[in-house]
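None of the figures in this text is laboratory data; all of them are computed from the coordinates on show. Quick caveat, the model's predicted, so the values are computed rather than measured. As a convention, Cβ positions derive from the backbone with ideal geometry for all residues, glycine included, and neighbour counts pool all protein chains shown.
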Amino acid sequence: MRGDGQKLWTAAFLLSIIANFFVVSILYLLMTTMALYAVERFQASDSVAGLAAGSFIVGALAGRIFAGKFLDFVGRRRLFLGALIILVIAALLYIPVNNLLLLLTIRTIHGVAFGAASTTLSASVMALIPAARRSEGTGYFAVSNTLAIAIGPFAAVLLVDAATYDVLFLVAAGCALAALIVGLFVRLPERTPTADERMHKWRMRWSDVFEPGALGIASVVFVAAIAYSGVMAFLNSYAQQNHMVVAASTFFLIYAGVALLSRFFIGRIQDRYGDNVVVYPMLLAFAIGLGLIAIASNGVVLLIAGAFLGIGFGGLLPCAQAIAITTAPLRRVGVTTSTYFIALDAGTGFGPLVLGALISAIGFEGMYAALAVLVLASMVLYHFVHGDKKYRQRVAA
C-alpha cells in the first residue's frame, strides 16, 4: 500500500483480474481459428469465412451497448453472471452445428454475451480502484488481457493441430465456466440509478449510448486499433511471403511480454506525471514498430518491431481506458467503458476490411508504412482531443 492509504490489491480486484483473463481468452481462442474452421467444416468462401470470424465482433458491439446502458438497471453482478452462463452454453453449441447460418447465429449470440460480460466487469472494476491510482490499477487489470492475447492464439493453434475443433470449443466453454466460478466469489460494487435515470431508462439518444467526454480518447483508440488490426490480420501472410514464419510465430509472445512488463511502471508514471508524458511516447513507439515491420528484411527486425508494438499499442490501451474513465462522471462509468471498448472493437473488427483493399493496391510493405504514418497522425489527433487539456481530476458526478 502507498502512502496515500488507498488499498488497491483487494480480493475482489484480484478475482476480477482472473475472471477477465478467462473471459478475454474466449475471444482469442476462437477468433484466430474460426475463419479456417468455416472453410474446412462448411467449405465457406473467403468472405463468408471472414463473416464467421467477424460476426462475433458485431455481437460484442451490441452487447457492449446494452451493458453500458443497462448494467445498473439489471444489476452488475446479475448481468455479469447471466452473460457468463450464455458464454458457456454458446461455446458448447458450436459442437453440434451443421450449417453456416446456425454457426453465424451462434457466433453473434456468443459475441453479445462476451461484450456484456467484458463491459460489465471492466466498468465495475473501476469502482474497486482508488481514484489516485486509476492508471496504475487499470494497467494491472489489463495484464489479464495481455496474457489472453499471448496464450489464446498460441493455445488455439496447438489444440486444433493436436486434437480437434470440438476440443477447442470445449476449452472455450471451460474458460467461460472458470470465469463463472470465479465470478460467483466476486462482489461487484453496485450502483443505484438516480430518479432521472429511471425516468429515461428506455431512452436511446446518442448520449445514452456513448459518453461525449470519452469520445475524444476513443477516437484515438479507434485509429490505433485499425493500425493494430493490420498486424493481427495480415502479419502471418506477410511473414510467409518474406520467409519469416518462425519469427512471426514468436512476434506476439514478444509483444505480450513487453506489454506485460510495461504495465508495472507506465500506470504509475501516468498517475504521477500526467497522461501526455506516457501517451505521446507510446504512439511514437507504435509508429516505429509498424515502420520496422514495413522494412523488415529478417526475423530479428520483426521481433524488434514486436517489442516496440508491445510498449506502444500494448501500453496505450490501459492508459487510454484510464483517461476515458477520468474524463467522465462516475455515474456514467458503464457508458464510458462501453464507449471505449466499442471504439477498440470497431477498429479491430472493421480495419482488415479496408486494409485488405489497401494491400491489393500497395502491397504489405506499403500498407504497414501507411499505418505507421496513420499512427503518427494520431499524435496530432490526440493533442486536439485530449493532449492540450488537463483531466487529472474526475469531473463532477
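Quick look at the numbers
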read-out	value
Linear extension gain, Y273 paired with E40, 0.36 nm per residue minus alpha-carbon span	78.7 nm
Trypsin sites (Lys or Arg not before Pro) restricted to DSSP loop in segment 294-397 with at most 16 other C-beta within 10 Å	K389, K390, R392, R394
Using a Förster distance of 56 Å, the FRET efficiency for V246-T192 (Cβ separation, nearest 0.05)	0.50
Rg in Å to one decimal, and Dmax rounded to a whole Å, for segment 207-389 via C-alpha atoms	16.3, 52
I89-A127 pseudo-label distance in nm [points 7 Å out on the Cα-to-Cβ vector]	2.6
Most positive-pole-ward Cα, L168, F56, A142, against dipole of the chain from beta carbon charges	A142
Loop chymotrypsin sites (Phe, Trp or Tyr not before Pro), segment 7-89 (other Cβ atoms within 10 Å of the site Cβ: 15 or fewer; DSSP)	W9
Of the DSSP H helices in the chain, those whose Cα atoms cover at least 20 Å axially and whose Kyte score averages 1.0 or more	11-31, 46-74, 76-93, 100-125, 165-183, 215-241, 245-262, 276-295, 299-326, 333-382
Kirkwood Rh in Å, taken over segment 9-88 so that all alpha-carbon pairs contribute	14.6
The chain, helix-only ellipticity at 222 nm - DSSP H runs n ≥ 4, -39,500 (n - 2.57), divided by all residues, nearest 500	-27000 deg cm²/dmol
Qualifying chymotrypsin sites (Phe, Trp or Tyr not before Pro) in segment 209-271, DSSP loop, other Cβ atoms within 10 Å at most 14	F264, F265
The chain: mean projected area of Cα convex hull, nm²	18.6
Estimated FRET transfer efficiency when R0 is 56 angstrom, pair A357-R331 (beta carbons, to 0.05)	0.85
